[in-house]
1. Can you list, bin by bin at 5 Å, the percent of alpha carbon pairs in the range 15-96, starting at 0?
2. Name the residues whose placed amide hydrogens come within less than 5 Å of the amide hydrogen of Gly38, ignoring near sequence neighbours (fewer than 5 apart) on the same chain.
3. Run the count for the chain, please: Lys pairs, Cα-Cα under 23 angstrom, 8 or more apart or on different chains.
4. What list do you get for Ser7, Ser44 if you sort them by fewest beta carbons within 10 Å?
5. Which residue fluctuates the most in the chain, going by a Gaussian network model with Cα springs under 10 Å, if the choices are Thr75, Thr67, Thr23?
6. Sequence gap at least 6, Cα distance under 8 Å: using those rules, report the relative contact order of the range 1-88 to the nearest whole percent.
Amino acid sequence: MYSEGTSLSCLEAMACGNAVIATNIGGLVNLVIDGYNGILINPSEDELKLALNNLLSNAELRKTLSTNAIKVAQTFDKSIWQQKWNKIFANYNTRE
């Protein structure tokens, strides 16, 4: 199995209010909190089918995951990322 770091496509999906199903591989586990802002599954066809059926048959779950996904995605906003890096650079420059 392959993995990646923070998935921008996952963040984009969450920012758009989509109910996300992700595998528990790589950086996805740092973005998706199972049952809060998405569903984490093992990478298998059977688990994907179960997760899809669960979302399709449960409107309240879709709404909850969607609402929370938007909130989580906002914490990864580019401006927040830039502020954190600027703080690191500022701290580094004051050491010299």
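Only the coordinates and a few stated rules stand behind these numbers; no lab work does. Quick caveat, the model's predicted, so the values are computed rather than measured. Ideal geometry is used to build each Cβ from the backbone, glycine not excepted, and the neighbour counts take in all protein chains shown.
1. 3, 15, 19, 18, 14, 9, 7, 6, 5, 3, 2, 0
2. Placed amide hydrogens put Ile33 under 5 Å from Gly38.
3. So the count works out to 4.
4. So the ranking, lowest neighbour count to highest, is Ser44, Ser7.
5. Thr75
6. 31 percent
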